[in-house]
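J.: Here it is: the structure, laid out below.
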Amino acid sequence: MSAYNNSIIPAFSELEKEICLSAESLKPLFSPQSIAVIGASRDLHSIGAALLGNLLRFGFRGKIYPVNPSSTELQGLRSFPQVDAIGQSVDLAVIAVPSPLVEQVVRDCAAANVKALVIISSGFAETSEEGKKRQLHITEFIRKNGMRMVGPNCLGVLNTDSHVSLNATFAPIFPPRGNIGFLSQSGALGIAILDYTKAHNIGISTFVSVGNKADVSSNDLLAYWAKDEHTKVIALYLESFGKPRKFARIAPIVARQKPIVAVKSGRSAAGSRAASSHSAALANLDVAVDALFEQTGVIRTNTLEELFDVVALLSTQPLPQGPRVGIITNAGGPAILLADALEAKGLVVPELGSKTIEALRSFLPSQASFKNPVDMIASASPQDFQKTIHLVGADETIDALVIIYIPPLVTESEQIAEAIAISAGMIPVTKPILTVFLSSKGVPPVLNGGPRGNLPAFSFPENAAQALAAAERYTRWKTKPRGQPLVFSDTVQSDLQKIREELLQAKTSPTWLTPNEVSSLLRIIEIQTVTSIETPLAQVEHKAEQLGYPLVLKVISPDVVHKSDVGGVVLGLQSKKEIRRAVTEITTRMTARKLRLAGFLLQQEIHSHIEAFVGISNDPVFGPLVVCGLGGVQVELLRDVSFSLTPVTDIGAGEMIDKLCSKKLLEGFRGAPPGDREALCSIIMRVSSLVEFIPEISEIDLNPIKILPPGQGAIVVDSRIRISP
Ligand code: ADP
Ligand code: MG
């Protein structure tokens with residue numbers, strides 16, 4: 001090694017350092033040399049006994065110390081009355097004592113220098129306020145003492161590495177060894193997950209049931225698996241997010257290295273939320289989770305079954321380099337289902353190259369179909385499978401291959417599976433291979449015995465399509481540029497700082513800003529607003545003359561959220577006379593509804609048929625979410641909106657617009673003139689940067705923004721901003 005190597009220390013970013021530290025701190029948890037089982041019991045039906053039994057039965061490589069005050073021997077091992085009586089160093093303690101005793105046991109563990117804890121016991125934050133307090137005490141205590149803790153209220157941890165062979169769970173199952181790191185927030189489901197992996201030969205590297213996540217969280221585990229050489233794919237079953245913003249920072253870094261697949265159950269943790277503005281009404285927690293996963297490159301699946309399908313693919317196959325799929329089958333029906341499902345998910349089933357087609361013709365019967373899907377028909381022999389797989393797999397027009405097999409009378413699944421396994425070895429290693437065995441007998445094990453190792457087998461064509469589409473989307477995410485968020489100039493920043501201080505001084509409770517305050521804020525961040533004047537009743541006509549026509553008159557009232565709902569907006573006013581009439585109309589309507597009238601807003605009328613909407617909804621847990629839509633009043637009706645976490649980059653803003661069905665309006669729909677897309681992108685980015693700069697802003701609603709023709713900008717004609725100090 002040259003002397004230079006020492007001086008070139010890689011410049012780790014703060015975040016990377018954090019990831020390394022988290023990963024390092026979890027090592028005693030997954031690769032302990034010695035384990036104390038606290039709460040090991042003589043009663044073989046107890047959880048403690050099951051834990052001890054599993055450590056023994058699945059061949060844990062390190063030392064095992066049962067701890068139980070009332071016995072000297074358990075399951076053939078010497079047992080100890082308490083941890084400090086062990087007299088040897090203990091890396092990990094698995095605790096399964098009644099919850100009121102846990103705190104003392106944790107103290108004992110700290111005194112005995114135990115490095116990590118798995119608290120199986122329940123009866124903490126999940127049951128009562130009192131339990132929550134105890135959990136908090138324990139968490140504070142272990143953090144002060146530099147220990148890590150999984151749980152409480154969990155199933156335990158598991159490591160299939162043959163040097164460790166750790167089953168520190170009370171589930172009587174040891175999954176096949178493999179490369180998937182699996183997190184389950186639910187313990188009960190964890191047992192089902194382990195069972196499924198065993199039944200379907202899905203290989204696990206490490207498994208964790210995180211329970212209440214009092215200390216070790218999804219974020220820590222992402223870090224651990226990012227650095228764990230035995231893990232290639234990360235699978236998460238989540239029910240809630242502790243720190244979504246931290247997840248948002250860590251996940252994309254990890255996802256660039258290894259795919260993260262997550263199923264998040266849609267339980268709403270946000271509780272009731274004041275949904276007074278458009279943005280807040282449109283946003284909900286699930287939308288936030290979707291945005292979070294999508295932006296961080298996490299593959300979200302709707303069901304656990306889908307999650308298994310995706311990890312079965314990603315853990316065994318390379319990522320597809322493109323969207324083109326070759327299909328080989330011995331029956332037409334399922335291939336059509338597959339082709340439809342693939343295309344519905346944005347993948348393509350292209351026609352094969354002419355040379356491939358010619359070669360296929362030379363040995364397949366004339367009734368076969370040669371283009372793609374290649375239907376070899378029911379008579380296909382193992383040799384037909386082999387030759388066809390070789391030819392289609394090598395064809396440059398495809399990036400991935402799906403092989404469908406339905407057992408007809410004439411062939412044996414066993415031989416076909418073997419033919420597939422062998423011929424898979426002849427296909428470029430860059431192309432993923434998927435199989436669909438439509439057979440109640442399941443998949444012959446020989447399928448996994450070829451040179452490409454395990455080949456994923458799906459129960460139905462649609463499952464294969466869904467998994468492949470997810471893999472392809474992930475590949476695109478991984479390779480696409482990120483873009484840059486907008487950074488305000490120094491002048492803008494100092495102006496914002498000033499106005500922020502003023503606002504925070506003036507407002508002590510959550511309030512909507514006045515129209516003037518809103519205008520000042522928008523002016524600072526260079527978002528163009530319509531020329532308007534706030535005026536008392538007496539001066540409306542006079543001010544109107546100053547502004548010039550055509551004008552719009554709007555009511556100002558502390559009781560009104562949506563002005564047009566109460567007839568508080570009158571458009572197209574051309575003269576003093578019309579203004580006078582509009583004032584009377586609005587006043588009458590307000591009186592009839594017993595709404596207070598604080599004054600009027602006069603605005604220039606902006607002519608543009610394209611109306612956009614940009615807003616912010618700021619969730620206390622999730623942080624700010626940017627919303628964008630097109631199409632004026634119909635926005636809420638059609639729910640054609642897109643969401644993004646902040647900060648939104650230039651590319652991110654473009655993607656938000658591209659996701660809208662109504663984006664065609666900007667392109668000039670049905671002969672109508674197009675709109676200034678750039679101007680809308682710029683507003684999205686400015687709003688995103690504003691709320692990052694002033695986090696006390698809890699809601700923004702720019703609705704509508706009148707979009708002018710390309711190059712002419714966009715003008716906000718109605719805006720609301722709420723601040724929650
Ligand atoms: P609301 O409180 O009901 O949202 P708005 O101020 O958004 O009230 O006005 C309702 C509608 O009137 C807008 O969606 C827009 O179509 C139209 N409008 C409002 N102000 C203007 C303006 N200055 N120029 C042109 N149209 C306007
Ligand atoms: Mg409006």
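J.: Under a cut-off of 17 Å between alpha-carbon atoms, report the aspartates and glutamates in cross-link reach of Lys144, not counting same-chain residues fewer than 8 places apart.
T.: Glu103, Asp108, Asp215
J.: Something else about it: Going toward the positive end of the dipole of the chain, with +1 on Lys and Arg Cβ and -1 on Asp and Glu Cβ, which of Ile180, Thr206, Val325 do you reach last?
T.: It is Thr206, whose Cα lies furthest towards the positive end.
J.: How large is the dipole of region 143-255 about the Cα centre if only Lys and Arg carry +1 and Asp and Glu carry -1, each at its Cβ, rounded to the nearest 20 debye? Walk me through the intermediate numbers first.
T.: Working: 12 positive and 7 negative charges, 94 e Å.
Computed charge dipole of region 143-255: roughly 440 debye.
J.: Using a/c under 1.5 as the rounded threshold, could you call the chain rounded, prolate or oblate? The axes a ≥ b ≥ c are square roots of the C-alpha gyration tensor eigenvalues, and prolate needs a/b larger than b/c, oblate otherwise. Walk me through the intermediate numbers first.
T.: Details: a/c = 2.59, a/b = 1.37, b/c = 1.89.
Oblate.
J.: Can you compute the charge dipole magnitude of region 1-136 about its Cα centre, using +1 on each Lys and Arg Cβ and -1 on each Asp and Glu Cβ, nothing else charged? Give it in debye, rounded to the nearest 20. Each step should come with its number before you reach the end.
T.: On the way: 12 positive and 13 negative charges, 80 e Å.
Computed charge dipole of region 1-136: roughly 380 debye.
J.: Starting from the Cα of Arg482, step 7 Å along the direction of its Cβ; do the same at Leu547; then give the gap between the two resulting points in nm.
T.: Modelled inter-label distance: 4.4 nm.
J.: Moving on to the next point. Taking a cut-off of 16 Å between Cα atoms, list the lysines near Lys664, but don't count ones fewer than 8 places away on the same chain.
T.: Straight-line reach from Lys664, under 16 Å: Lys706.
J.: Taking the Cα centre of the chain as origin, sum charge times position over the Cβ atoms of Lys and Arg (+1) and Asp and Glu (-1), and report the length of that vector in debye to the nearest 20.
T.: On the way: 69 positive and 70 negative charges, 132 e Å.
For the chain, the charge dipole is close to 640 debye.
J.: Distance from the Cα centre of region 639-659 to that of region 166-239, in angstrom?
T.: For region 639-659 versus region 166-239, the Cα centre distance is 33 Å.
J.: Going down the list Lys198/Lys264; Lys355/Lys387; Lys27/Lys63; Lys227/Lys258; Lys480/Lys663, which pairs span over 18 Å between their C-alpha atoms?
T.: Details: Lys198/Lys264 23 Å; Lys355/Lys387 14 Å; Lys27/Lys63 16 Å; Lys227/Lys258 10 Å; Lys480/Lys663 21 Å.
From Lys198/Lys264; Lys355/Lys387; Lys27/Lys63; Lys227/Lys258; Lys480/Lys663, over 18 Å: Lys198/Lys264; Lys480/Lys663.
J.: Then there's this: Applying a 10 Å radius around every beta-carbon, put 20-32, 560-572 in order of their mean neighbour count, most first.
T.: Working: 20-32: 19.4, 560-572: 15.8.
The peptides rank, most packed first, as 20-32, 560-572.
J.: Here is a further query. Filter the trypsin sites (Lys or Arg not before Pro) in region 43-96 down to the DSSP loop ones having no more than 15 other Cβ atoms within 10 Å, then list what survives.
T.: Arg61
J.: Moving to a separate point now. If packing is taken as the mean number of other Cβ atoms within 10 Å per residue, what is the order of 83-89, 485-491, highest first?
T.: Values: 83-89: 15.1, 485-491: 13.3.
Per-residue mean Cβ counts within 10 Å order the peptides as 83-89, 485-491.
J.: Let me ask you something else. Highest mean first, what order results for 394-406, 433-445 on Cβ atoms within 10 Å?
T.: Values: 394-406: 22.5, 433-445: 18.3.
Listed from highest to lowest mean packing, they are 394-406, 433-445.
J.: Now a separate question. Sequence gap at least 6, Cα distance under 8 Å: using those rules, report the relative contact order of the chain to the nearest whole percent.
T.: Working: 1500 pairs, mean separation 63.4, N = 725.
This gives 9 percent for the chain.
J.: Another question, then. Under 1.5 on a/c is rounded, so check that first for region 97-178, then, if it is not, pick prolate when a/b is larger than b/c and oblate when it is not; a ≥ b ≥ c are the square roots of the alpha carbon gyration tensor eigenvalues. Let's see the in-between values first.
T.: Working: a/c = 2.63, a/b = 1.56, b/c = 1.68.
Note, shape of region 97-178 comes out oblate.
J.: Then there's this: With a cut-off of 8 Å between alpha carbons and a minimum separation of six or more residues, what is the relative contact order of region 189-255 in percent? Let's see the in-between values first.
T.: Numbers: 24 pairs, mean separation 20.9, N = 67.
That works out to 31 percent.
Every read-out reported here was derived from the displayed coordinates using simple, explicitly stated rules and does not represent laboratory data. Fair warning: this is a prediction, and the values are worked out from it, not measured in the lab. Because the Cβ atoms are built from the backbone with ideal geometry, glycine has one as well, and the counts that use them run over all protein chains shown.
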